[in-house]
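What follows is a short report on a single structure.
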Amino acid sequence: MFAFSHSGGGRKILWQEMWRHEFLEALQHDPVVIVPTGSVEQHGPHCPMDVDISIPLHLAVEAAQRVEDFPVLVAPPLWFGLAHYNLGFPGTISLSAPTYMAVLSDVCRSIHRNGFHRLVVVNGHGGNDAPNRVVRDMLAEEDIFLVAYSWWASVEAELLAWSEADEGSVGHGGEWETSVQLYLREHLVDRSRVNADVFPNPFSPDLQHFARFAERRRDTCAHTGTMGDATVATAEKGERVFTLAADRLEQAVRQYHEQPVRHYREFGSHAP
């Protein structure tokens, strides 16, 4: 589990630990709420099941702790995501796409109805990437505007520039996810089982960047469930990319705080 709980000496950032009067006070200062989303699923033989929720949750807490001049709250994370393709290995818990999107939508609606109108959904699981953007666009029709992205998108150029083996891909228990785990929670990485494997796209190399199927049971070439090369992972690389991703999240939160709350201004049901 995560050692993020409030110790009693300073400000709280975790939604579930706050008292009612603290929410009322936060609402007076244009707060931002970060919603981490991820998955509980196999991540190769060497990583724990919660890789994809641990990273966005750590990022959210890091960004919230850095910002002291206005409230940044971290909502309870959505532990489970769309992960049916990992059910070929034990340990995976998956939601259907409609269930996942309904849960995320209702969580965001609830936060919004509490008066918190600046939401950032930070995702750590590939299967949630497209559904999160669909939820973002659907909720806009209800006059709920949120930012939604997967953490690796914020450091895309650097992942490519810094990769030794995975050519910038965040992978699945590969170079980058394993590096971040080594930085955050080294004790949960089994170094004796670190490996390298790839997901076999059957299309020709000149088509693979756009022609692809949905994943199937993580049918990697060596059947390890890893996608990428974890043998080159290091805690130093993990710290470097995690710190940069936290910097970008902090910047997004600060710029969001400075903006007026978005609303529809013309056309449709939200016309003035």
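The values are calculated or read from the model by the stated rules, or taken from the named source; none is laboratory data. Computed from a prediction, not measured in an experiment: that's the story for all the values here. Methodologically, a virtual Cβ is constructed for each residue, glycine included, from the backbone with ideal geometry; neighbour enumeration extends over all protein chains shown.
Data table
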| read-out | value |
| --- | --- |
| Residue check for Ile53: β-branched (Val, Ile, Thr) and touching a Pro at 6+ places or on another chain (Cβ under 6 Å) | yes |
| Residues (part of a helix (DSSP H, G or I) and hydrophobic (A, V, I, L, M, F, W, C)) located in region 185-213 | Leu188 |
| Qualifying position, being surrounded by 17 or more Cβ atoms within 10 Å (Cβ to Cβ), closer than 30 Å to Thr224 by Cα, more than 11 Å from the chain's Cα centre (by Cα) and not hydrophobic (A, V, I, L, M, F, W, C), among His43, His58 | His43 |
| Residue identified as surrounded by fewer than 24 Cβ atoms within 10 Å (Cβ to Cβ) and either in contact with a Cys (Cβ under 8 Å, 6 or more places away or on another chain) or acidic (Asp, Glu) (or both) among Glu164, Glu175 | Glu164 |
| Single match in Thr178, Thr224 (criterion: polar (S, T, N, Q), at pLDDT below 95 and touching a Gly at 6+ places or on another chain (Cβ under 9 Å)) | Thr224 |
| Tally of residues being of a type in the set (A, V, I, L, M, F, W, C), crowded, with 22+ Cβ neighbours inside 10 Å and under 22 Å from Ala60 (Cα atoms) across region 84-134 | 5 |
| Residue identified as part of a loop (DSSP other than H, G, I, E, B), modelled with pLDDT of 95 or more, closer than 22 Å to Gln255 by Cα and among the hydrophobic types (A, V, I, L, M, F, W, C) among Phe70, Phe23 | Phe70 |
| Subset of region 120-148 [in contact with a helix residue (DSSP H, G or I) (Cβ under 6 Å, 6 or more places away or on another chain) and in a strand (DSSP E or B)] | Val121, Val122, Asn123, Leu146, Ala148 |
| Where Ala161 falls short, out of the listed (1) touching a residue at least 40 places away in the same chain (Cβ under 8 Å); (2) within 21 Å of Val198 (Cα to Cα) | (1) |
